[in-house]
Amino acid sequence: MEKSIIIIGAGIAGLSAGCYGQMNGYNTQIFEMDTRPGGLCTSWKRKGYTIDGCLHWLLGSGPASSFYKIWEELGVIKNHTFIDHDEYISVEVGDGKSLVLCADLDKTKQNMKEVAPEDTEVIEDWIKGLKKLIGFDMSVDKAPELANIFDTIRMMFKLLPYLWFMRKWGRMSVKQFAERLKSAHLREAFLGGAGDMKDFTILGLMMSLVWVNQKIAGYPLGGSLALSKTIEKRYLDLGGKVSYKSPVKKVLVKNDKAVGIRLADGSEHHADIIISAADGHTTIFDMLEGKYINNKIKGYYDNNLIFPPLLHVAYGVSRTFNEAPKSVGGFNLMIDKPIIIAGKEHNRLPLYIYNFDPSLAPDGKTVLKFIITTRYEPWEELYKDTEAYKAEKERLAGELLTVLEERFPGITEQVEMTDVATPMTWVRYTGNWKGSYEGWIMTSFGMRMKKTLPGLDGFYMVGQWVEPGGGLPGVAPSGRNVIQIICKKDKKKFVTSTP
Ligand SMILES: Cc1cc2nc3c(=O)[nH]c(=O)nc-3n(C[C@H](O)[C@H](O)[C@H](O)COP(=O)(O)OP(=O)(O)OC[C@H]3O[C@@H](n4cnc5c(N)ncnc54)[C@H](O)[C@@H]3O)c2cc1C
């Protein structure tokens, strides 16, 4: 008889685990607390506009990336058109100047030299480094947990040509790179553009630029919820079942083996295997009451850095913005008068102009959105006072519109829709710990976490809380890998299919 698997959460990790579970003959059911699939990979509608809450790019959108195969298997490639932008990001650096990083690396070099001719040597060295990264791609076909000695040797051989490169750039933070620059404008571009990530390796930015250059990290037209719904459809077509509005309160355990779940309505559901694709903190400390933990796991939650939560302030504007370049990372604006958000001064504001996806707004109209890194605790406190919380959202929407008015005169009159989503919005809809948008920050190359908990059988975790770095290219393979691990345990050959 087929073994049964219960999956908690219909985010991309949960849907992926469900799809591969079904492909491999398991009888799976997903329980999701929200009314829709996707978790963080979502969009929402207001007054005829669609506010995209997630994807700016998807690694693996082109066949030169090993992730492409996974998106093919999940039905994404067949059902979505990807567009590749020429611009990666535009960062204002003062004195009316901006640094524009582009998909074309020679154009990027030229732009950097125009901003900082005195830094030609460092710029040449950096661009040379970027070009060396072209073609770098690690296999994601086999779960790292199942790698044998031959896989490790193969991987070492693949990495060999890049070892010197990794040593040089992987150990250099954005801040250290900026310290090598003579030009205050170019330094400002890197430090300002990096925001709170200044202490992390510059290699992250370098890899991102190369993905855009290689056209393997495109934007899926239609946006994030459409993509999540595609994977949900793939799962249902494979015979999977999803129950929405089904918050899981407890994982049921008998003799240190997970045997089922209890929902908020008190109903209990049983299965041979339980996979949590939901928030890590809730899974470990609430659903399992902190009973299956060791110092290492506790240490993660006490000490590890997480991607901070975000404030989204969106405007639906009756205007086209055809003149603005189509950009992956948008426009990093510098402002003279700082805006206070959650008790912190902000002199820089990342702005996204969604002029590249006509499906997100009625004809002749556009969504503009600020996505700003913020602190969790002040928002949590403010949320307790409904009126004050509402007033703060209104204040910020007003102040940020003033910033837009300075750059796009007349815009205030053209705004038809305003929407503010705070870290508390994300907690409410996805349950993610402290509103984090991507889970753990990868502080070292190859940082890994286990998908099992100590002393608990028949239970696995997948998704951004066990895959440092998060993102869809982290969590979709996570769901695939866990089914590979389960197949291996059940002595079954792991198989995949494409729709
Ligand atoms: C603004 C923003 C921009 C981003 N941009 C990109 C990008 O461009 N490219 C990229 O690759 N990634 C991007 N990401 C990151 C990416 O969206 C996430 O890393 C990824 O979607 C996480 O997937 P997940 O399945 O692990 O978790 P989640 O999406 O959090 O899914 C967990 C699911 O579990 C459900 N759940 C939680 N608790 C319970 C419970 N008790 N019972 C039942 N269900 C429960 C939740 O409702 C949710 O549906 C972005 C994220 C944000 C917010």
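So the values come out like this:
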{"item": "Considering residues of region 92-113 that are of a type in the set (Gly, Ala, Ser) and assigned to a strand (DSSP E or B) only, the residue surrounded by the fewest Cβ atoms within 10 Å (Cβ to Cβ)", "result": "Gly94"}
{"item": "Filtered residues of region 478-499 (kept if touching a helix residue (DSSP H, G or I) at 6+ places or on another chain (Cβ under 8 Å) and assigned to a loop (DSSP other than H, G, I, E, B))", "result": "Lys493, Phe494, Val495, Thr496, Ser497, Thr498, Pro499"}
{"item": "Qualifying position, being within 12 Å of the ligand (Cβ to nearest atom) and either under 17 Å from the mean Cα position of the chain (by Cα) or open to solvent by less than 10 Å² (accessible area, probe 1.4 Å) (or both), among Ile12, Ile5", "result": "Ile12"}
{"item": "Matching residues, region 473-499, being open to solvent by 20 Å² or more (accessible area, probe 1.4 Å) and touching a strand residue (DSSP E or B) at 6+ places or on another chain (Cβ under 6 Å)", "result": "Pro473"}
{"item": "Pair list, Cβ under 8 Å, 6 or more apart: region 235-258 residue touching a residue at least 12 places away in the same chain (Cβ under 8 Å), other residue of a type in the set (D, E, K, R) and assigned to a helix (DSSP H, G or I)", "result": "Val242/Glu232; Lys249/Asp286"}
{"item": "Residue in region 34-41 that is surrounded by fewer than 24 Cβ atoms within 10 Å (Cβ to Cβ), more than 8 Å from the ligand (Cβ to nearest atom), of a type in the set (S, T, N, Q) and within 26 Å of Lys369 (Cβ to Cβ) present", "result": "yes"}
{"item": "Some residue of region 177-190 being within 30 Å of Met449 (Cβ to Cβ) and open to solvent by 80 Å² or more (accessible area, probe 1.4 Å)", "result": "no"}
{"item": "Failed criterion for Thr50 (all others in (1) open to solvent by 30 Å² or more (accessible area, probe 1.4 Å); (2) in contact with a strand residue (DSSP E or B) (Cβ under 8 Å, 6 or more places away or on another chain); (3) of a type outside the set (A, V, I, L, M, F, W, C) hold)", "result": "(1)"}
{"item": "Among (1) open to solvent by less than 10 Å² (accessible area, probe 1.4 Å); (2) at pLDDT below 95, the one test that Gly470 misses", "result": "(1)"}
{"item": "Test for Ser90: is it within 9 Å of the ligand (Cβ to nearest atom), at pLDDT 95 or above and out of contact with any His (no Cβ under 6 Å at 6 or more places or on another chain)", "result": "no"}
{"item": "Residue that is nearest to the chain's Cα centre (by Cα), among those in region 430-477 that are of a type in the set (D, E, K, R) and not in a loop (DSSP other than H, G, I, E, B)", "result": "Lys434"}
{"item": "Every residue from region 444-458 that is within 15 Å of the ligand (Cβ to nearest atom) and either within 14 Å of Gly18 (Cα to Cα) or modelled with pLDDT of 95 or more (or both)", "result": "Lys451"}
{"item": "Residues being buried (at least 17 other Cβ atoms within 10 Å of the Cβ) and in contact with an Asp or Glu (Cβ under 7 Å, 6 or more places away or on another chain) - total across region 223-245", "result": "3"}
{"item": "Within region 272-323, considering residues that are within 30 Å of Gly410 (Cα to Cα) and either surrounded by 23 or more Cβ atoms within 10 Å (Cβ to Cβ) or among the β-branched types (Val, Ile, Thr) (or both), the one farthest from the ligand (Cβ to nearest atom)", "result": "Thr320"}
{"item": "Tabulated pairs, region 407-430, first modelled with pLDDT of 95 or more, second among the polar types (S, T, N, Q), C-beta under 7 angstrom, 6+ apart or interchain", "result": "Gln414/Ser318; Glu416/Ser318; Pro423/Thr374; Trp426/Asn432"}
{"item": "Whichever residue in region 206-222 is crowded, with 20+ Cβ neighbours inside 10 Å and within 15 Å of the chain's Cα centre (by Cα) and, among such residues, is nearest to Leu351 (Cα to Cα)", "result": "Tyr219"}
{"item": "Count of residues meeting criterion [open to solvent by 20 Å² or more (accessible area, probe 1.4 Å) and outside any helix (DSSP H, G or I)] in region 394-419", "result": "6"}
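The values are calculated or read from the model by the stated rules, or taken from the named source; none is laboratory data. The shown structure was predicted, so the numbers you read here are calculated from the model rather than taken from an experiment. Virtual Cβ from ideal backbone geometry, glycine too; neighbours counted across all protein chains shown. We work out accessible area using only protein heavy atoms, side chains counted, and drop any ligands, DNA or RNA first. Shrake-Rupley method; radii C 1.70, N 1.55, O 1.52, S 1.80 Å.
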